[in-house]
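First up is the structure itself, then whatever we jot down about it.
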Amino acid sequence: MQNFVFHNPTKIIFGRATIPLVGQETAAWGDHALLVYGKESIKKHGIYNQVTASLENTGIKITEHGGVRSNPTLDHVRTGIEKVQKNGCTVLVAVGGGSVIDSAKAISAGSPVKHDVWKFFTGKKSIKKTLPLITVLTLAAAGSEMNSGMVITNEATHEKFGFGNKRLYPKTSILDPETTFTVPPDYTAYGAVDAVAHVLEFYMTASDPATPVQDRLMEGLIQNSMDACNRCLLVPDNYNARADLMWTATLALNGLTAAGLGRVGFPMHMIEHSLSALYDIPHGAGLSIVIPGWLTWFSSINAVRIALLGKKVFPLAEADNYSDEQMARRTVVKLRKWFNRIGSPTSLGEAGIPKIDIEKIADNAISLAKVWRLQGYTRKRIEEILHLCA
Ligand code: NZQ
Ligand code: ZN
């Protein structure tokens, strides 16, 4: 196990009937909130009314910033920054999924500075100050509610870039699993795929080969994402299933799994971000396309690691008779079958992306590979992986 510092400052309030606490949590940080939310779901399902009532009861002034779309855009973030600056908001409240929370994070970093917020994403400027952020999560997926990352799409340049900074952690996140009863089957599935992907990235790219505590933790999170997702799809208002999925997705990317692994990478996300940036497909759908192809490519580099995952997550009585290569192949097949079963696409073709676009996708991905310093991810290698996703 490598040396590590694990410091996650986000306070989590988890469980039923917790949304009314948003007022007091926000009041601890400011008296004028920019309320950031998505298109329609929170108004349709009564969450908006609960949040605004709690904020108003605590005497907090609200400036609205709704309309965040999935795969959130830089332009909408810029408008939010203008609102904060013009109206003097002192705190942000984000109510929604990863797109809403990431937009709020970008607004919180972009509001105190004079330069354009995109400079943070390209590494030209670093974040020195942010406005405090409180979140109410309504979708189990990205993990943004308890991490320091944010992902935004620059539509003008077709770049979907993400990065982390310790000042981006939300102060408090409220996780009421009942808010996710209304998440439709497709986004329930994409969210679970995202959680699985977050764990897989670190599991596969860990530079330390001896991390049994983290390995068992990660295998457990993958099993629980899959199992909880299956139960949510069967009975959408099964509280325990929604609670399991929500907490699993949060733990999958809050820093805990990576502690002690040494240097890790996010190569599957790097490629997926180009699919979302160019074709606006949901993040989880893009990941279920990339994962089987990337794992197939990675089998020739570290079949032992994929085989280990397979033995733990998809146990098989006669596993000892299998070679690592056979076991790795079986693991990829099992994962692909699960993606298919929950309705998440597993090939570029299934998402309507023609093979002929592979060069263009690789061209797009290479810029993020550079920003993320993913060594070895040349255009040739990305194209090779994408051909395995076709
Ligand atoms: O816009 P509304 O009407 O709210 O609808 C949303 C949206 O259409 C809907 N939804 C959310 N909560 C709902 C609901 N529908 C019914 N009932 C509810 N309770 O779900 C749709 C998708 O929402 P979105 O926020 O886009 O999904 P998700 O949470 O998967 O976030 C995806 C974004 O997060 C980024 C992704 O790249 C993508 O842009 N990620 C952020 C990360 C981070 N900050 O650490 C890491 C991830 O790897 C990921 O990259
Ligand atoms: Zn993700």
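Observations on the structure shown:
- Kirkwood Rh and Cα Rg combined as Rg/Rh, segment 1-42: 1.13
- P(r) for segment 215-278, from all Cα pairs and a bin width of 5 Å, is 3, 16, 18, 18, 18, 16, 8, 1 %, short bins first.
- Under a Gaussian network description of the chain, with springs only between Cα atoms under 10 Å, the residue in Val68, Val136, Val213 that fluctuates furthest is Val213.
- Taking amide hydrogens as placed 1.01 Å from N in the peptide plane, the amide H of Val136 sits under 5 Å from those of Ala94, Val95, Gly96, Ile174, each at least 5 positions away in sequence or on another chain.
- Pairs of Lys in segment 184-389 closer than 29 Å at Cα, counting only those 8 or more apart or on different chains: 14
- Within the shell defined by Cβ-Cβ distances under 11 Å, the residues around Val136 carry a net charge of -3, with Lys and Arg each +1 and Asp and Glu each -1.
- Within a Gaussian network of the chain (alpha carbon springs, distance under 10 Å), most fluctuating of Asn254, Asn224, Asn340: Asn340
- Volume per residue that the Cα convex hull of segment 292-390 spans, once the total is divided by residue count, Å³: 108 Å³
- Cα lying deepest toward the dipole's positive end in segment 11-179, options Ala140, Ala156, Ala104, charges on Cβ: Ala156
- Pairs of Lys residues in segment 85-208 that lie 8 or more places apart, or on two chains, and have C-alpha atoms under 19 angstrom apart add up to 28.
- Fraction of beta bridges assigned by DSSP in the chain that are antiparallel (%, nearest 5): 20 percent
- The residues of the chain present an accessible area of 41 Å² per residue when probed at 1.4 Å with all protein chains retained.
- Whole-percent carbon and sulfur share, accessible surface of segment 86-143, 1.4 Å: 52 percent
- Net charge, Thr182 excluded, C-beta distance under 14 Å - Lys, Arg +1, Asp, Glu -1: -1
- Loop sites in segment 5-73: GluC sites (Glu not before Pro), DSSP, at most 15 other Cβ within 10 Å: Glu40
- A simple count of charges around Thr90, restricted to other residues whose Cβ falls under 15 Å of its Cβ and scoring Lys, Arg +1 and Asp, Glu -1, yields +3.
- Within the listed set Gly262, Gly376, Gly143, the Gaussian network model of the chain (springs between alpha-carbon atoms below 10 Å) gives the highest mean-square fluctuation for Gly376.
- Taken over segment 62-110, the convex hull of the Cα atoms encloses 66 Å³ per residue.
- P(r) tail, segment 184-389: Cα-Cα pairs separated by more than 23 Å, 44% of all pairs.
- The longest stretch of the chain left intact once loop-based trypsin sites (Lys or Arg not before Pro) with at most 14 other Cβ atoms within 10 Å are removed from consideration, loops following DSSP, is 130-262.
- Restricting the calculation to Cα atoms, segment 1-143 yields a radius of gyration followed by a Dmax of 15.3, 49 Å.
- All-pairs Cα distance distribution in the chain, expressed in whole percent, bin size 10 Å: 5, 24, 34, 25, 10, 2, 0
- Phi to ³J(HN,Hα) by Karplus 6.51 cos²θ - 1.76 cosθ + 1.60 over segment 252-269, Hz, x for Gly, Pro: 5, 9, 10, x, 5, 5, 7, 4, x, 7, x, 5, 10, x, 9, x, 5, 5
- If you plug the beta carbon distance of Tyr322 and Lys61 into 1/(1 + (r/R0)^6) with R0 = 56 Å, you get a FRET efficiency near 0.35.
The values are calculated or read from the model by the stated rules, or taken from the named source; none is laboratory data. Here the structure is a predicted model, which means the values were calculated and not measured. Please note: Cβ atoms are built from the backbone with ideal geometry, for glycine as well, and neighbour counts cover all protein chains shown. Calculation scope for accessible area: heavy atoms of the full protein, side chains included, ligands and nucleic acids excluded. Shrake-Rupley method; radii C 1.70, N 1.55, O 1.52, S 1.80 Å.
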